[in-house]
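Nothing in this text is a laboratory measurement; each read-out follows from the coordinates by a stated rule. Computed from a predicted model, the values in this text were never measured in an experiment. Don't worry about glycine lacking a Cβ; one is built from the backbone with ideal geometry, like all the others, and counts go over all protein chains shown.
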Amino acid sequence: MKKIKIAAYPDLNGDLQIGKSFGRNIDPASNQFVNNNFNYNTLGLWSNTLLFGWFQKKYQLEKNQLDIQSAEYANKKLQDDVTLNITTGYIRVLQAREQKKSLALSLKKFTERNVYMNKNDKQSYQAMLSTDSAMYLETVVNERMALLQLKALLHLEFEDAFDIATDEDEILTPKQGLSMPDAAAWYQMALNQQAQVQYEHLKLKSVKKSLDIAKAMQYPQLSLYGGAGTVFSSNVKNITAQTYEGESSVGYVNINGSSYPVTNSQYQFTTITKPLADQYNDHIRATVGLRIAVPLLNGYASRANIQKAKIALVSQQLQIDVAKQDLKNDIYKTYEEAIAASQKYTAYLKARDESALWMESLGKQNNDNNQFLLYKLAWQQYHQNATQATFAKYEWLLN
């Protein structure tokens, strides 16, 4: 946020140029044409600030703040997605473990019953045990796969040992008869909290600021500018020594009929290039001024920018409508699925308990030839209802 506020202050730029000129060029130190080759460099600082631009600096500052806030919500949405995926992966592990535990309990209930069986019943019994053992191994594999998927979601190496400790009391059980807010209440809460919707709203505000900036750019702009700099040129020399070489005649002057020669003293000078620091100190220059920029003919760029901003505004409004509609569809769908899963869970629990009571009553009856068939049917119903109850429970939890 501090960096955004600094953007409202005047800018400051600097440059350093080093070069060599050949042929006829303007010496940057004297601003005169010279015909010799020379080295030069320039050093300068300049600044420019917008004094009045129809509040475009203010709009830009507000837009930058909105962009940062929207980026924070985008990051929050990503974090929420990661959290949801990891939570879902964790629940999948619990589901696989409960399915394994449920099947093991069903097998135990079936094998512990002292039920009369004839020869054919014993063969059927062994076939059922083999099938159920294969199903149990499948639940073990499902548990391992769920752990691997959770490990992948956590970005852990597959070679590393990984497990999650679960206690008997940690197995999740939804509270039957639990009251839930209706879908409309969920939707209203999500509108105020869901990161995607908040992100789209902030982007809409940012696009509105872009439109304000585009409109401000079509009017005259008043700026203050200033600069300071200095130059170095190898043409600038210091005299280090001089040698007298005599007089040279440049003509005669007649005074009262007498002719006198006019001479010019001739010297040979020894020079060196003036040091860099001295030239920088001698050639300092500065400028300051006001500038009014009036957009006259710019290829309709200002109008085009305004039209683009308006189109972006309409597009972003549509994005908000789509995000709201998607959110509403997801919430109402999830709500109905949760209600259905709750009802299925309650129904299958009741059916499982009834099947367990039937199995228990069959175990107390006198042995007869039909007892195994009835007990087999009761166990199959118990196992099916227990499995469906587990599926319905975790479908409820995941919604």
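Points to keep in mind about this one:
- Calculated FRET value between L296 and L276, using beta carbons and R₀ = 56 Å, to 0.05: 0.80
- Degrees separating the helix 301-364 axis from the principal Cα axis of the chain, which is the longest one: 20 degrees
- Calculated from the structure at hand, Cα Rg over 2.2 N^0.38 Å is found among (1) 2.10; (2) 1.01; (3) 1.11 as (1).
- Cα long-axis angle, helix 195-216 against the chain (0 to 90 degrees, to the nearest 10): 20 degrees
- At R0 = 22 Å, FRET efficiency that the Cβ-Cβ distance of I91 and E138 yields, to 0.05: 0.70
- The angle between the Cα long axis of helix 119-153 and the main principal axis of the chain comes to about 20°, on a 0 to 90 degree scale.
- A Förster radius of 45 Å combined with the Cβ-Cβ distance from L313 to A228 puts the calculated FRET efficiency at roughly 0.55.
- Here the gap between D353 and T263, fully extended at 0.36 nm per residue and compared with their Cα-Cα distance, gives a gain of 18.9 nm.
- Label point distance in nm, Y9-Y219, each placed 7 Å from Cα along Cα→Cβ: 2.7 nm
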